[in-house]
Amino acid sequence: MSAKSRTIFRRNIAVGPDPRTRLKTGESPASSLAAFVLMICVCVFEILSAISFANELYAIVREPSLERESDSLNMIEPAVGFMKVPATKYYFPPESIDFIIEKTREIFATGSYLAMGKYGDQFEKEFAQYNGSKYAVTTNSGTGALEIILRAIGVEGQEVIVPTNTFGATAFAVVRAGGKPVFADCLSDLNIDPNDVASKISDKTKAVVTVHIGGLISSTLPLLKELCSRKGIQLVEDAAHAHGSALGGRKAGTFGLAGAFSFFSTKVMTTGEGGMITTDNQDLYEQAMILRDQAKRGGRNFHESIGYNWRMPEFQALLGITQLRSLEYFIQERSKIAKFYDSKLGGIPSLERLPIPAEARPNFYKYVAFLPKRVNREAMHLKTTGFREIRFYKPSV
Ligand SMILES: Cc1ncc(COP(=O)(O)O)c(C=O)c1O
């Protein structure tokens, strides 16, 4: 990781502006009026939390005792059992819960398949349609989705360029597919730098994986795409953060050869665990269908190669179908809260918010702001017990 990238890494905090209310799955379904009142209460609560967060942050940024520079990477856990603004909260509206229960009863009553059944197919079709992709393939995780794509490309013994600032799974998937990750530095929008990618390309480079960090597609992605096609290298999107994010009206997962989404519990839409591959390429689609199911061709026990189980269960697909229906609503609500943070944090001198280019529509998986370098992170962590601060990503490389 270069000095520039390390500075970005140390300055970065991501605050979860999750606007969604949660009805715990164990609760009995509330009436629509009760649900509405609950939503209003939680919204007011979150707005108050955000105001107190902004005030705390303002005090911290100004407080001289916190202006020590610290190189310690030891995390000091705050003494809090309850986070006022948690980094993530999933939300299943009452009608989604009804749908999931009804279809689950139907699955049991008919004895239909518990994996690779009709709801998996339906989720794939609806996700592909929403995303503007020709094909979609469900998997059991975002990491699995990435590994399948890389195996289908054939990165074994080859190099794959990945960003320095990403979750470990991006690079792990390359290694597990038999490739060698080569790290390229990031820009100030935290996405991979096409110029640094250009300098890392070798005879062995087979693919570049870009990551839409925090749900923002970089305005430099067209440059990266152009570089890859000029050099004959495959572009893959790690879209684990970027459900519904767009650039110039085009959704994440439609820019490269294929995109890999994660539906882990923290994501903007979730199935608990799960993933999705999107692509317009028929060969990649067919390979992905085979690889995900123990490398079996045509669903029979005839294995084309050594395979693996990356299949999604039907129950996860049911969750996914309902979450997809709410995705635009989730993004709208997150965008409103992000605007609210903008208005509150905009007045804090020396706190830099991540600029959003006009042509980008982020899903606000994260709301990213940069603290001044002089602020001591550990002291801040102790002092602000009211929100969750996340460091991207440790270790970065
Ligand atoms: C950038 C990135 N890529 C890949 C993954 C892996 O997704 P999953 O946890 O579904 O395997 C994650 C998970 O958070 C991620 O943040």
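Of all residues in the range 253-266, which are under 14 Å from Val209 (Cβ atoms) and part of a loop (DSSP other than H, G, I, E, B)?
Gly253, Phe255, Gly256, Leu257
Hey, could you check the range 256-280 for residues that are surrounded by fewer than 24 Cβ atoms within 10 Å (Cβ to Cβ) and away from the ligand (no atom under 16 Å from the Cβ) and say which is farthest from Val137 (Cα to Cα)?
Checking each candidate, the answer is Leu257.
Which of the residues belonging to the range 156-179 are outside any helix (DSSP H, G or I) and either away from the ligand (no atom under 12 Å from the Cβ) or more than 20 Å from the chain's Cα centre (by Cα) (or both)?
Result: Glu156, Gly157, Gln158, Glu159, Val160, Ile161, Thr164, Ala177, Gly178, Gly179.
Would a scan of the range 333-348 turn up a residue that is farther than 26 Å from Gly154 by Cβ, more than 13 Å from the ligand (Cβ to nearest atom) and of a type in the set (S, T, N, Q)?
yes
Taking the condition of being within 18 Å of Asn165 (Cβ to Cβ) and either of a type in the set (Gly, Ala, Ser) or more than 12 Å from the ligand (Cβ to nearest atom) (or both), how many residues in the range 199-222 meet it?
Total meeting the criteria: 11.
Kindly indicate the residue of the range 109-129 that is among the hydroxyl-bearing types (Ser, Thr, Tyr) and exposed (fewer than 14 other Cβ atoms within 10 Å of the Cβ) and also farthest from the ligand (Cβ to nearest atom) among those meeting that condition.
Thr110
Residue check, Ala136 against (1) in a helix (DSSP H, G or I); (2) closer than 13 Å to Leu284 by Cβ, all met but one. Which one?
Looking at each condition in turn, Ala136 falls short on (1).
So, in the range 224-251, of the ones that are within 16 Å of the ligand (Cβ to nearest atom) and of a type in the set (Asp, Glu), which residue ends up surrounded by the most Cβ atoms within 10 Å (Cβ to Cβ)?
If we take residues in the range 224-251 being within 16 Å of the ligand (Cβ to nearest atom) and of a type in the set (Asp, Glu), then Asp238 is surrounded by the most Cβ atoms within 10 Å (Cβ to Cβ).
Restrict the check to the range 130-137 and report whether at least one residue is at pLDDT 95 or above and either outside the structural domain of Tyr308 (by TED's automatic domain parsing) or within 15 Å of the ligand (Cβ to nearest atom) (or both).
Scanning the range 130-137, I find at least one residue that is at pLDDT 95 or above and either outside the structural domain of Tyr308 (by TED's automatic domain parsing) or within 15 Å of the ligand (Cβ to nearest atom) (or both), so the answer is yes.
Can you name the strands (runs of 3 or more DSSP E) wholly within the range 180-252 that have at least 2 residues being among the polar types (S, T, N, Q)?
Filter on the range 180-252 gives 205-211.
If I ask for residues that are modelled with pLDDT under 95 and assigned to a helix (DSSP H, G or I), which ones from the range 276-335 would you list?
Across the range 276-335, the qualifying residues are Arg297, Gly298, Gly299.
Could you tell me which residue of the range 92-114 is nearest to Glu286 (Cα to Cα), considering only residues that are modelled with pLDDT of 95 or more and outside any helix (DSSP H, G or I)?
Step by step, filter the range 92-114, then rank; the result is Leu114.
Check the range 336-355 and report whether any residue there is modelled with pLDDT of 95 or more and either within 28 Å of Tyr135 (Cβ to Cβ) or not in a helix (DSSP H, G or I) (or both).
Within the range 336-355 (the criterion being modelled with pLDDT of 95 or more and either within 28 Å of Tyr135 (Cβ to Cβ) or not in a helix (DSSP H, G or I) (or both)), the answer is no, since none of the residues qualifies.
The values are calculated or read from the model by the stated rules, or taken from the named source; none is laboratory data. The structure presented is a predicted model; accordingly, all values stated were derived computationally and were not measured. Reconstructed Cβ throughout: ideal geometry from the backbone, glycine too, with neighbour counts over all protein chains shown.
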